[in-house]
Ligand code: SF4
């Protein structure tokens, strides 16, 4: 198949999957507005989205045994292609049953897909990392400019609460250099109250 951008790339010892460039946010710190690639990738901007057949073909070119985890991340929000993400994860586990699968997400999957999507992840996804990014709805709106407006933040919190019931390993993260210092502790408290891990990245 022709080169359409890097669908899979190596980064920090993991294999990363970049299935889409769609995203409902426009975060001011988003790396994709600064550089075209990361890790072993040449370009994470996709000329078009790969089909499911192409994703399987590309994935089978990698030796999954050399990676601890497969991470859905890339230059877009992975849950924009939720069904394909899950099929890719299942396919990866059929090739390498010991591989862990993580989703790095903005937590807006339910708004994107118009329903509760947390149950879909059961038994397929091992870890979810959610970008909290801000301490409240106004701050999130000002930093991430979600197309869903002010309701995005509460939807992300609600998603976290429910996904924690399905997935044992859930982390919320903030971007250290972006968030006002005084907002770090309130963010940590949000994660604590939800009973999930907290990470400054
Ligand atoms: S949610 Fe992620 S991909 Fe989307 S704009 Fe924000 S940092 Fe970029």
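If we count other beta carbons within 10 Å of each Cβ, what is the order of 35, 128, 71, fewest first?
Working: 35 9, 128 28, 71 22.
Taking fewest neighbouring Cβ atoms as first place, the list is 35, 71, 128.
Restricting to Cα pairs below 8 Å that are 6+ residues apart, what does the relative contact order work out to for the chain? Please round to a whole percent. Walk me through the intermediate numbers first.
Values: 350 pairs, mean separation 37.9, N = 201.
Across the chain, relative contact order equals 19 percent.
Taking label positions 7 Å along the Cα-Cβ direction at both residue 34 and residue 201, the computed distance is 1.3 nm, reported to one decimal. Two numbers describe the Cα atoms of the chain: Rg and Dmax, which are 16.3, 50 Å. The C-alpha atoms of the chain define a longest principal axis, and helix 184-194 lies at about 70 degrees to it. Here is how the number arises for the chain: DSSP H runs of 4 or more residues each give -39500 (n - 2.57), the sum is divided by the residue count, and the result at 222 nm is -9000 deg cm²/dmol.
Only the coordinates and a few stated rules stand behind these numbers; no lab work does. The model shown is predicted, which means the values in this text are computed figures rather than measured ones. As a convention, Cβ positions derive from the backbone with ideal geometry for all residues, glycine included, and neighbour counts pool all protein chains shown.
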